[in-house]
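These notes concern the structure reproduced below.
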Amino acid sequence: MVKFVLNGLGFFAITTLLQVHAFDCSSEQLCVCHNIKGQIWANCKRLQLVTAPSFSSDVIGINLADNRLPSFPISLPVNILYLDVSKNFIVNVTEDTLNRYGSLRNLSISENLLHVIEVGSFANSSNLVHLDISGNQELTLEVIANISSDLRNSTSIRVLNFEKLQCTYGVSFIIKRRHITFLKYTHLEELNLASNRINSLELGVLTELPKSLKYLNLANNVLSFGFYLLEFGDLSNIITINASFQSSFHQIRLKDFSTSCKDTKQECANLIENQHGETTVKKRLKLPLLTQVNVTVFLPPNLKTLYFHDNLYKMTLQNFVFKTIKTPELSRVYFQNNIIYELNGPITGIESVIHADFSNNFCSYISPGFFKDLKNLSYIDLSNNALGENLENDVEGEIFQNLFMLKTLNLTRNRIVRLPSKVFWNLKQLENLNLSFNSLSKFTVPVSHMNHLSHLDLSNNQISSLSREIRDMLDAISQKNILSLNLKGNELRCNCENLDFVKWIISSKNINFLHLDEYVCSSSNSSGIPFSEIENRLQMLEKQCSSYTLIIVIMTSLTIVVLTTTISRILYRYRWKLRYMYYVARENYKINVHRPDALPNASYHFDAFVSYADDDRIFVINLVKHLEREFNLRLCIHQRDFIPGTGIADNITNAIHNSRKTFCIITSHFLDSYWCMFELNMARMEAIYSRNGENILFLVALEKDVMKKLPFSFMDLIESKSYIEFPEDGDDEEVTAFRSKLADTLRHSV
């Protein structure tokens, strides 16, 4: 018995599967006729026909798809059972159109130009089993009311395909009870409502559907969350629900609006304001962000498969509680290609699920309790997510610890850099583990407890070798069952350190290394050696590794690296002290060599050295003028007092050394300047090593909150309040007070 489904193959696909004898049964010579088990079928597809040819009366199936028929053919054999007139130019179906074909069982009028299907068109089609009117966007879903009314007394109808009856770019649609109320009297098993911009269902719609319904397709709509979800539990015999591709983007072409929206021009006009339709529509699309908490979902008691993939809902899976009137039968869930950032859970009530696909979801977190009540899972696909850091932090192996029955785990493309040893500690039934296309440099996860492991995919990582411990574990597993290991695309090394590993790959008899001919092993001189040639070079490698020269070189290199690292860290830690000592020693050398008769001068040339960024020079110059004129201070600023021809570092060191104090004008420009920070650190070193710990460094905060940006090493200056803040919005009195306070500070200890 042949079942005709809604997959677009058509009920004439059987003619391509059987070897049959062709003969004439039609007035059109190009039509191909077949006798299949005593029944005559005629295939007149894609012949550019504008009128239907005549057929012999014993023809029971006719394919007139993809022609140019302007109207429904009315002169076909009376006893025809199967008719396909899809992809023609048929405009309407009236109540008289099908009166002649009372025996018709399968009818497809999809992808025509139907504007109307009148009430009564299918009143005499009591034998109709399969009806496909999909792809007629001029009809809209309102036509369902007419068809369901005609089929109310039909006990034969099993499949209705109402896909894509709404304008793709029109307003959304709400299915009312009146549209489908008469379907409850039928024995319908499959209902396709995909691609219809359905936004919601009126309460009562799902309860009105026939109890015989097994397959419900609501894919590629714009479903929103509503109270109608509570009624899914009333679909007592439903086996499969497809709610995928919600709110999906569609490629927008202006001709679609002119050919598919003739009767809904106002609806389409709401989406297009000018000729740049694509930009306008995309700007108005908004994706909902769903964060459910303690959500209860009522499932049909016999539901086995749920498709909820390729949706544009942003969501995190929180506390979902699934309820049914009996033990749930849901076994397969498909949630791939969504935008599910986190799997928090727990998910309860669907312990029956054995197959779950959460791949390609932008997911970066799985809580330790998410899989707690999903203990019967045998297949999980978590590929193409961002779980690397989450798994790396699962040091106690809590995420997968309850999956006692898991057989397949796919973690490919998850940005995994390293895995803790306990991450898979309880997966004793695991057969397939896929960790390909990650960034693993080492694989150290124990697998000795995985006695059923048959496929381990570590391809396209950064693994150079497997440790002796892991190799022994894999050898032990391969003694019990056939084990396939994929190391293709890794950075395998052919050096003395990995010599045992290379020998293990070549000599292993019980492990099947997949794509072994494509393995490339990098030698000490960085040249890649294909594994197909590795046996020829293995002897040379063994001889090379027997030499002590290589060991000496390695040990010497390690010693140099350690010493270099240690010295570098010391130099970095004391870098400012060393700089300061260098410049002071050089200055003393110049004095002793070039001016040996010069006597030490205990007094200072300046009361203070002013350190500032060049961007703040106007403020500083103005401040210096006031301090020197009003308070008789001698200040040093680089623009005026630095000695030309002397290096900047020397000038800075001399200025600090010859000034009683140093004060810094702290701004964001100052913190971004290399030489300003140099001056700040040199002044700090001067205070510590030349002034016996005397606090000669003082800060002036010119900007609000700028002190918070100071490096951590200067926190003691902030804590000791060795700074004052300039009143940015202060009046003249506050500014004068600021200058007076600053002058007193600089005169202190004079």
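The values are calculated or read from the model by the stated rules, or taken from the named source; none is laboratory data. Remember, it's a predicted structure, so these values are computed and weren't measured experimentally. Note: ideal-geometry Cβ built from the backbone for every residue, glycine included; neighbour counts use all protein chains shown. Accessible surface areas use protein heavy atoms only, side chains included; no ligands, DNA or RNA. Shrake-Rupley method; radii C 1.70, N 1.55, O 1.52, S 1.80 Å.
Ranking Val321, Val395 from most to least accessible surface, computed with a 1.4 Å probe over the protein chains only, gives Val395, Val321.
Ligands, DNA and RNA left out, the accessible area of the range 612-750 computed with a 1.4 Å probe is 49% carbon and sulfur. Solvent exposure of Thr444, expressed as accessible area, is near 80 Å², computed with a probe of 1.4 Å over the protein chains only.
Rolling a 1.4 Å probe over the protein heavy atoms gives the range 95-207 an accessible area of 34 Å² per residue. Tally Lys and Arg at +1 and Asp and Glu at -1 over the other residues with C-beta under 14 Å from the C-beta of Gln336: what net charge comes out? Summing Lys and Arg as +1 and Asp and Glu as -1 gives -1. Let me make sure I get this right: for the range 82-201, a, b and c are the square roots of the gyration tensor eigenvalues over alpha carbons, sorted descending. Under 1.5 in a/c it's rounded, otherwise prolate if a/b > b/c, else oblate. Which is it? Taking the square roots of the gyration eigenvalues as a ≥ b ≥ c, the range 82-201 is oblate. Sorting His638, His179, His309, His452 on solvent-accessible area from highest to lowest, probe radius 1.4 Å, gives His452, His638, His309, His179.
Applying 0.36 nm per residue to the separation of Arg415 and Lys709 and subtracting their alpha-carbon distance, the gain on full extension is 102.4 nm. Averaging the sequence gap over all C-alpha pairs within less than 8 Å and six or more residues apart, then dividing by the number of residues, gives the range 602-678 a relative contact order of 52 percent. Relative contact order, whole percent, for the range 336-479 stands at 17, derived from Cα pairs under 8 Å and 6 or more residues apart. Per-residue Karplus couplings for the range 128-133, computed as 6.51 cos²θ - 1.76 cosθ + 1.60 with θ equal to phi - 60°, are listed in order as 5, 9, 10, 10, 10, 10 Hz, Gly and Pro entered as x. When each of the peptides 553-565, 330-342 is scored by the mean number of other C-beta atoms lying within 10 Å of its residues, the order from highest to lowest reads 330-342, 553-565. Residues in the range 157-167 carry Karplus couplings, in order, of 4, 10, 10, 10, 10, 10, 5, 6, 9, 9, 4 Hz; the curve used is 6.51 cos²θ - 1.76 cosθ + 1.60 with θ = phi - 60°, and Gly or Pro positions show x. Note on exposure: Leu229, Leu206, Leu81 ranked by accessible area (1.4 Å probe, complete protein assembly) read Leu229, Leu81, Leu206, with the most exposed listed first. Over the range 496-538, accessible surface divided per residue gives 58 Å², non-protein components excluded, 1.4 Å probe.
Rounded is the label for the range 394-489, because a/c, from the alpha-carbon gyration tensor with a ≥ b ≥ c as root eigenvalues, stays below 1.5. What does the C-alpha gyration tensor say about the overall shape of the range 192-234? Classify as rounded when a/c is under 1.5, otherwise prolate if a/b is larger than b/c, or oblate. Oblate.
Here each label is just a point 7 Å from Cα along the line to Cβ, and for Lys625 and Glu542 those points are 8.9 nm apart. Peptides 99-112, 474-487 ranked from most to least packed, by the mean per-residue count of other Cβ atoms within 10 Å: 99-112, 474-487. Ordering 161-173, 210-222 by mean Cβ neighbour count within 10 Å, with the highest value first, yields 161-173, 210-222.
Its Cα centre serving as origin, the range 328-476 has a Cβ charge dipole (Lys and Arg +1, Asp and Glu -1) of approximately 260 debye. The length gained by stretching the chain between His355 and Met677 to full extension, at 0.36 nm per residue less their Cα-Cα distance, is 109.8 nm.
So, with +1 on the Cβ of K and R and -1 on the Cβ of D and E, and no other charges, what is the size of the charge dipole of the range 409-533 about its Cα centre, to the nearest 20 debye? Charge dipole of the range 409-533: 400 debye, to the nearest 20.
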